[in-house]
1. Applying the selection to region 86-112, what residues are under 23 Å from Thr14 (Cα atoms), surrounded by fewer than 18 Cβ atoms within 10 Å (Cβ to Cβ) and touching a helix residue (DSSP H, G or I) at 6+ places or on another chain (Cβ under 6 Å)?
2. Can you pull out the residues in region 73-82 that are of a type outside the set (Lys, Arg), in a strand (DSSP E or B) and surrounded by fewer than 16 Cβ atoms within 10 Å (Cβ to Cβ)?
3. Please verify whether Arg109 is among the charged types (D, E, K, R), under 13 Å from the mean Cα position of the chain (by Cα) and within 21 Å of Val49 (Cβ to Cβ), treating the condition exactly as stated.
4. Can you give me the number of residues within region 1-16 that are of a type in the set (Gly, Ala, Ser) and surrounded by 14 or more Cβ atoms within 10 Å (Cβ to Cβ)?
5. For Val56, indicate whether it is of a type in the set (A, V, I, L, M), part of a strand (DSSP E or B) and in contact with a Leu (Cβ under 6 Å, 6 or more places away or on another chain).
6. Determine whether Thr48 is outside any strand (DSSP E or B), more than 17 Å from the chain's Cα centre (by Cα) and at pLDDT 95 or above.
Amino acid sequence: MLMNFELSISINCTQEEVFIFLRDKDQHKQKENSPVLVLERITDPPVTVGTKYREVVQMLPFYISEIFSTITRYEPYEYLEEVFYSKGMKGHLAYQFIGNNSSTKLIQRESIYISFPLNLINPLIKKVLQRKLVGRLIEIKAILEKNL
């Protein structure tokens, strides 16, 4: 089952600041009760095409997953894309950064393919993921604007 999401948010920070925040995602401490239990870069710096990450996430109360991702497009400060996979799931995540003076429109496009048996609960997963993705964009905005 394939699920596609396209979300956007306006952030009162420069394009460069928003890009660097998402590029350096492994450098930020996760908030308490975050579904991300572990987030680590598993390749040497600098971050570029081919950089790999490992995440351990708990999206549902009964489901913990290890996700591996690789950056596939790296165009400072305009595009940052990666492919990811875990047991029963694979996908593509793309961020586009559109600057306008001191603010940035962040566009997130994500495609996730879920295979059997997780696809049996697809409506629940899509609803939970949509809520989590929107919440994450709001959280990114709050963190970046707080640091002004």
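The values are calculated or read from the model by the stated rules, or taken from the named source; none is laboratory data. Just so we're clear, the structure is a prediction, and the values are computed from it rather than from any experiment. A quick note on method: Cβ atoms are made from the backbone with ideal geometry, for glycine too, and the neighbour counts reach across all protein chains shown.
1. Gly99
2. Step one: of region 73-82, the residues of a type outside the set (Lys, Arg) are 74-82.
Going one step further and asking which of them are in a strand (DSSP E or B), we end up with 74-75, 79-82.
Glu75, Tyr79 - these are the residues of region 73-82 that are of a type outside the set (Lys, Arg), in a strand (DSSP E or B) and surrounded by fewer than 16 Cβ atoms within 10 Å (Cβ to Cβ).
3. Details: among the charged types (D, E, K, R): yes; under 13 Å from the mean Cα position of the chain (by Cα): yes; within 21 Å of Val49 (Cβ to Cβ): yes.
When the stated conditions are applied, Arg109 passes them.
4. So in region 1-16, the residues of a type in the set (Gly, Ala, Ser) come out as 8, 10.
If we keep only those that are surrounded by 14 or more Cβ atoms within 10 Å (Cβ to Cβ) too, we end up with none.
Final tally of qualifying residues: 0.
5. Values: of a type in the set (A, V, I, L, M): yes; part of a strand (DSSP E or B): yes; in contact with a Leu (Cβ under 6 Å, 6 or more places away or on another chain): yes.
Answer is yes for this residue.
6. Working: outside any strand (DSSP E or B): yes; more than 17 Å from the chain's Cα centre (by Cα): no; at pLDDT 95 or above: yes.
The answer is no for Thr48.
Every residue, every condition in (1) hydrophobic (A, V, I, L, M, F, W, C); (2) in contact with a strand residue (DSSP E or B) (Cβ under 6 Å, 6 or more places away or on another chain); (3) modelled with pLDDT under 95, yes or no:
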{"residue": "Met3", "(1), (2), (3)": "yes, yes, yes"}
{"residue": "Ile20", "(1), (2), (3)": "yes, no, no"}
{"residue": "His28", "(1), (2), (3)": "no, no, yes"}
{"residue": "Lys31", "(1), (2), (3)": "no, no, yes"}
{"residue": "Phe62", "(1), (2), (3)": "yes, no, yes"}
{"residue": "Tyr74", "(1), (2), (3)": "no, no, no"}
{"residue": "Lys87", "(1), (2), (3)": "no, no, yes"}
{"residue": "Leu93", "(1), (2), (3)": "yes, yes, no"}
{"residue": "Ile107", "(1), (2), (3)": "yes, yes, no"}
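Results for (1) modelled with pLDDT of 85 or more; (2) over 18 Å from Gln58 (Cα atoms); (3) part of a helix (DSSP H, G or I); (4) among the aliphatic types (A, V, I, L, M), shown as yes or no for each residue.
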| site | (1), (2), (3), (4) |
| --- | --- |
| Gly99 | yes, yes, no, no |
| Ile112 | yes, no, no, yes |
| Ile121 | no, no, yes, yes |
| Ile125 | no, no, yes, yes |
| Val128 | no, no, yes, yes |
| Val134 | yes, no, yes, yes |
| Lys141 | yes, yes, yes, no |
